[in-house]
Every structure is written in structure tokens, then in C-alpha cells.
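For reference, the structure discussed in these notes is given below.
The values are calculated or read from the model by the stated rules, or taken from the named source; none is laboratory data. Not measured: the values here are computed from a predicted model. Glycine gets a Cβ as well: all are built from the backbone with ideal geometry, and neighbour counts include every protein chain shown. Note: accessible area is taken over every heavy atom of the protein model, side chains too, but ligands, DNA and RNA are not part of it. Shrake-Rupley method; radii C 1.70, N 1.55, O 1.52, S 1.80 Å.
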Amino acid sequence: MKPKFYMNKGFTIPELLIALLVFSLVIGGAANLLVSGIGGQRSALAMQELLNQTSFGSEYMSRRLRQATKDLGPTCLSTRGLNYEITQGGQGVKFLNLQSQCHEFFLEAGRIKERIAGQEQSLTSDNLTVTSLQFLLQGESQNDDVQPKVTFAFEVEGQGASAESKPKVQFQTTVS
């Protein structure tokens, strides 16, 4: 009979190494799943912020453009009787608002800005970069018998860790 201290009471080294390998694979898979979930949530939140701010900017500009009045002076625009006028090489539009103030939307340094009676403010936040803004007019004159319409399109890029992870949105709408 063998003494008690010689009895097999533990794991062998190969059994311990296999258990350690299985444990590390399970923990590694769970950590990878957690990290990818956090990354997905970050990109979803960045896209949500981008869409919220893009929606606000387009609604704000649409509302103001709908309220434009004819410039019979000419007070604001270069030609008498116009509703709208393209400025800054197609990247801006100018019109007379309901308070008879000269109102302009334009792109400057990656931001959509507005100028009302000489006062400027930015419509987009520092978290966004507007890469393009274009305006197209139809029926801006009184002599063409066409309903005045302004089409504007812009491309917005959000913040991200790398160029591939930056959310981007292209938006276009027509206001009459």
C-alpha cells in the first residue's frame, strides 16, 4: 500500500495547459465580441449625430428659403425683381427675407454659414465638415413664368478615428 502523500490528487501539466488554452480562447472571443460591439455603437452614434445635424440644417435652410420675397428695389440682389441669386460660384444663395433683410447661405471653411444683414453665424457644428454645397435656381425671375425653386445639395462628413470610419451623408432637396 502506498502512503497518502503519493496518491494522485491534482492535474497533470498537459491537462493544465489544455485547460488554460480553452480558458484563454473563451475569454479572447468574449473580449473580441465586446470590443466590436463598442465600435459598432460608436459608429451608430456618430451617424445619428450626423443625420440629426444634417436634418436640422436642411430644415432650417428650407424654411428660410420658402419665406423669401421678391426684391423689387433692388435692395439685396443685383437685379430688380429677383427672388433668389446665386453667390460664391454656386456655393451660396442670397435672398430677401420677410423682414426685408438681405439673407445669404454659403459654404466657408467646411461650415454652412448664414449671413443676415451683415451678421454671420454657422449652421453646422465643429464636429462636421461640409465637403460640398451647391445651389441651383429655377424660375428666379418674374419674366420666366416658372415657379421659383431652389435646389441645394451638400455632402457632410462626421468625425472618426480614420478616414474609413468617418460617416458621410449626401443630401439634396428642392424648395419652392
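If each Cα of the range 86-130 is one equal point scatterer, what is log10 of I(q)/I(0) from the Debye formula at q = 0.18 Å⁻¹? With no solvent term, the Cα-only Debye profile gives -0.52. Relative contact order of the chain: what whole-number percent is it, with Cα pairs under 8 angstrom and at least 6 residues apart? Contact order relative to length: 16 percent.
Taken one residue at a time, the phi angles of the range 92-104 give Karplus couplings (6.51, -1.76, 1.60, θ = phi - 60°) of x, 9, 10, 7, 9, 8, 4, 8, 6, 9, 6, 10, 9 Hz. Gly and Pro are set to x. Accessible area ranking (1.4 Å probe, heavy atoms, ligands and nucleic acids excluded), largest first, for Tyr60, Tyr84: Tyr60, Tyr84. Each residue, Ala117 and Thr151, gets one label point 7 Å from its Cα in the Cβ direction; the gap between the two is 3.4 nm. Determine the gain in length on full extension of the stretch Ile13-Phe171; use 0.36 nm per residue of separation and subtract their C-alpha separation, reporting nm with one decimal. Gain on stretching Ile13 to Phe171: 50.6 nm. Spacing of the modelled spin labels on Thr129 and Cys102, each 7 Å from Cα toward Cβ, amounts to 3.2 nm. Take the Cβ-Cβ distance between Leu136 and Gln41 as r, set R0 to 45 Å, and report the resulting FRET efficiency rounded to the nearest 0.05. The calculated FRET efficiency here is 0.75. Protein heavy-atom accessible surface, 1.4 Å probe, per residue over the chain: 65 Å².
Return the tail of the calculated pair distribution for the chain, meaning the percent of Cα-Cα pairs more than 23 Å apart. Before the final figure, lay out each step's value.
On the way: 8746 of 15400 pairs.
In whole percent, the share of Cα-Cα pairs in the chain beyond 23 Å is 57.
Within the range 94-141, none of the chymotrypsin sites (Phe, Trp or Tyr not before Pro) combine a DSSP coil assignment with at most 15 other C-beta atoms in a 10 angstrom radius. The angle between the Cα long axis of helix 13-66 and the longest principal axis of the Cα atoms of the chain comes to about 10 degrees, rounded to the nearest 10.
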